[in-house]
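A quick write-up on the structure given underneath.
The values are calculated or read from the model by the stated rules, or taken from the named source; none is laboratory data. Just so you know, these numbers come straight off a predicted model, no measurement behind them. Here the Cβ positions follow ideal geometry from the backbone for every residue, glycine too, while neighbour counts run over all protein chains shown. Ligands, DNA and RNA are stripped out before the accessible areas are found, and what is left, the full protein with its side chains, is counted by its heavy atoms. Shrake-Rupley method; radii C 1.70, N 1.55, O 1.52, S 1.80 Å.
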Amino acid sequence: MSQRQGWLEGWRLLAALVVSLITLSLWIAAMRHFEVEGVRMVIRFTARSSLTLFCLAFSAAALARLWPNAWTRWQRRNRRYLGLSFAASHAIHAAAIVAFARMDPAGFAEATSVASYIFGGIGYAVIVVMSATSFDRTTALLGPRAFRALHLVGGYYLWIQFMVSFGKRVPAMPLYAAFLIPLLIVMALRLIAMAAHPRGRTAEAS
């Protein structure tokens, strides 16, 4: 059976998602005439699109093991491209943050802290390294064991960062708790899959 069962696969999927993210971000910013509030809306939008794409990539292997079907096989097949789409979403997020900092330095200073610079910077470094090692040539150069270890540690770091980033807003805005639900579900799925297939833990972690 061919692993490419539809048009929206692989690089086409990545291209479609990236074009959609850019188009939606420009549309959102244009709604506020590309002023500060529009840029802040883009920051919020890309934070949520990044969360969605991260959860799809991070849960792909576990879902394919636990509930093999057409959707989970597609998700598992395209995990690399979902992960790269997450990186693209977060690149747009970074560009919007830079624009916010330049347009409203006082507001940016109020919205950030030393901790956000440190842990956010580490997060972006992790995303860059994981993205750079998501291509066939760099994966082969790194080797399967190092690749799995890198993407395992990086994936869990990003999961923690998402939990903290959204969780710290819950006291002021309780509705933000809804964004923690997919993260908790993804972690539960990974743990269940590891328990159900102990011999496949190494492969599952990647």
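Quick notes on this structure:
- Residue match in the stretch 169-178 (condition: of a type in the set (Phe, Trp, Tyr), assigned to a helix (DSSP H, G or I) and out of contact with any helix residue (DSSP H, G or I) (no Cβ under 8 Å at 6 or more places or on another chain)): no
- LEU175 vs. criteria without any contact (Cβ under 8 Å) to a residue 40 or more places away in the chain and within 20 Å of the chain's Cα centre (by Cα): no
- Among the residues of the stretch 33-82, the ones that are open to solvent by less than 80 Å² (accessible area, probe 1.4 Å), within 21 Å of GLY107 (Cα to Cα) and either under 16 Å from the mean Cα position of the chain (by Cα) or in contact (Cβ under 8 Å) with a residue 40 or more places away in the chain (or both) come to 7 in all.
- Residues of the stretch 37-63 satisfying the condition of being closer than 12 Å to ALA96 by Cβ and β-branched (Val, Ile, Thr): VAL39, VAL42, ILE43, THR46
- Out of TRP74, TRP11, TRP7, one residue alone is over 28 Å from SER116 (Cα atoms), aromatic (Phe, Trp, Tyr) and assigned to a loop (DSSP other than H, G, I, E, B). It is TRP7.
- Every pair of residues 6+ apart whose Cβ atoms lie under 6 Å, when the first sits in the stretch 113-124 and is at pLDDT 95 or above while the second is part of a helix (DSSP H, G or I): GLY123/GLN161
- Some residue of the stretch 152-159 being touching a Leu at 6+ places or on another chain (Cβ under 9 Å) and either free of Cβ contacts under 8 Å to residues at least 60 places away in the same chain or open to solvent by 60 Å² or more (accessible area, probe 1.4 Å) (or both): no
- When the stretch 175-199 is limited to residues that are at pLDDT below 95 and over 27 Å from ARG65 (Cβ atoms), the one that is most open to solvent (accessible area, probe 1.4 Å) turns out to be LEU175.
One line per residue, one yes/no per condition, for (1) open to solvent by less than 80 Å² (accessible area, probe 1.4 Å); (2) among the aromatic types (Phe, Trp, Tyr); (3) outside any helix (DSSP H, G or I); (4) under 30 Å from ALA61 (Cα atoms):
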position	(1), (2), (3), (4)
ALA94	yes, no, no, yes
PHE100	yes, yes, no, no
GLU110	no, no, no, no
GLY121	yes, no, no, yes
THR138	yes, no, no, yes
MET163	yes, no, no, yes
